[in-house]
1. For the range 84-213, what does the relative contact order come out to in percent, with C-alpha contacts under 8 Å and a separation of six or more?
2. Please tell me the relative contact order of the range 3-140 in percent, rounded to the nearest whole number, where contacts are Cα pairs under 8 Å and at least six residues apart.
3. So, for the chain, what is the accessible surface per residue at a probe of 1.4 Å, expressed in square angstrom?
4. Apply the a/c threshold of 1.5 to the C-alpha gyration tensor of the chain and tell me whether it is rounded, prolate or oblate.
5. For the range 1-41, rounded, prolate or oblate, judged on the Cα gyration tensor with a ≥ b ≥ c (square roots of eigenvalues), a/c < 1.5 rounded, else prolate if a/b > b/c?
6. How large a share of the accessible area of the range 126-279, in percent, is made up of carbon and sulfur atoms when the probe is 1.4 Å and the other protein chains stay in place?
7. Over the chain, calculate the relative contact order: mean separation of alpha carbon pairs under 8 Å at least 6 apart, over the residue count, as a percent.
8. Give me the distance between the Cα centres of the range 18-92 and the range 103-131, rounded to whole Å.
Amino acid sequence: MTQMVGEKVGEGGCSEVFQWGGNQQIVKVAKGNTSVDAVKREFSNNMLVWENGLPAARPYELLEVDGRPSIVMERIHGESLMEHFFRYLIQPPSEKSQNGDSSEFLKITARLLNETHRFGNLPLPSQREMMIYSIRSAGYLTASEKERVILHLEQLPIKKQVCHGDPNPGNIMIRGNKALFIDWMNASIGNPEADLAEYVIMIRYAILPPHAPSSAVSNFDSLRAHIIQIFCDEYRRLSGNSLDEVENWIMPVAARKLCADAISEEEKMLLLAEIRSRL
């Protein structure tokens, strides 16, 4: 590591995050499962959306740390939505009712996606091309099944709006009263319904990590439908759009997720069963 790398402050499926040259910047250091091209794409996407005023942290430069491609970025001093989410899950029902609308934070993702989807025609990668590449690259499905999923995808309407691609609570940071997305590696121009389907699939099938308290797991299982309903209602209220098309995106988005490194084998088996039930 170079002398500027400080303490480790986070880790995701594709990178480790360290303090960088003080307290106002961090450096995302790619893991072995992430190529130089992928890191360059994330930097380019992130710079583009930040320059256009989307809810994103500021990127500064591309460099190498110990031979690994890395991005220096603005450090967001705050909490991730994931941290809020876990506090909500372990909170007893009596405290939820005493705190009034303690589910208000569940609307944050819908608000960020609605803000993001208002932008269009930025020079980002094609969502559809990225999805087709991922579906063909994934394991689990047979070649025939993959082609049937792709045929379904190609029959869906084409839109040209900015999409984040991975709107999970770990990719949302809350600083004061403002929330923003991090990790724009999968950003694209395409259909907002794919982002919405991504969120629905995540809540419906996510497996909490092994260290999660049993109370959090049971609470999450009982709240999955409630969380999805809050999300959909808020997005519909803000956008004024019907969400009828989202269901058509569940299968291709689930198929794309089969090549993701950040989800468990158990979750992939659930996604596989969902895809095959729709074929």
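1. Working: 125 pairs, mean separation 36.7, N = 130.
Dividing the mean separation by the residue count of the range 84-213 yields 28 percent.
2. On the way: 144 pairs, mean separation 22.3, N = 138.
It rounds to 16 percent for the range 3-140.
3. Details: 13180 Å² over 279 residues.
Result: 47 Å² of accessible area for each residue.
4. Details: a/c = 1.39, a/b = 1.09, b/c = 1.28.
Since a/c stays below 1.5, the shape of the chain is classed as rounded.
5. Details: a/c = 2.23, a/b = 1.85, b/c = 1.20.
Here the range 1-41 falls in the prolate category.
6. Exposed carbon and sulfur together represent 52 percent of the surface.
7. Details: 432 pairs, mean separation 55.3, N = 279.
Computed over the chain, the figure is 20 percent.
8. With the range 18-92 and the range 103-131 each reduced to a Cα centre, they are spaced 17 Å.
The values are calculated or read from the model by the stated rules, or taken from the named source; none is laboratory data. The shown structure was predicted, so the numbers you read here are calculated from the model rather than taken from an experiment. Surface areas here come from the heavy atoms of the whole protein model, side chains and all, with no ligands, DNA or RNA. Shrake-Rupley method; radii C 1.70, N 1.55, O 1.52, S 1.80 Å.
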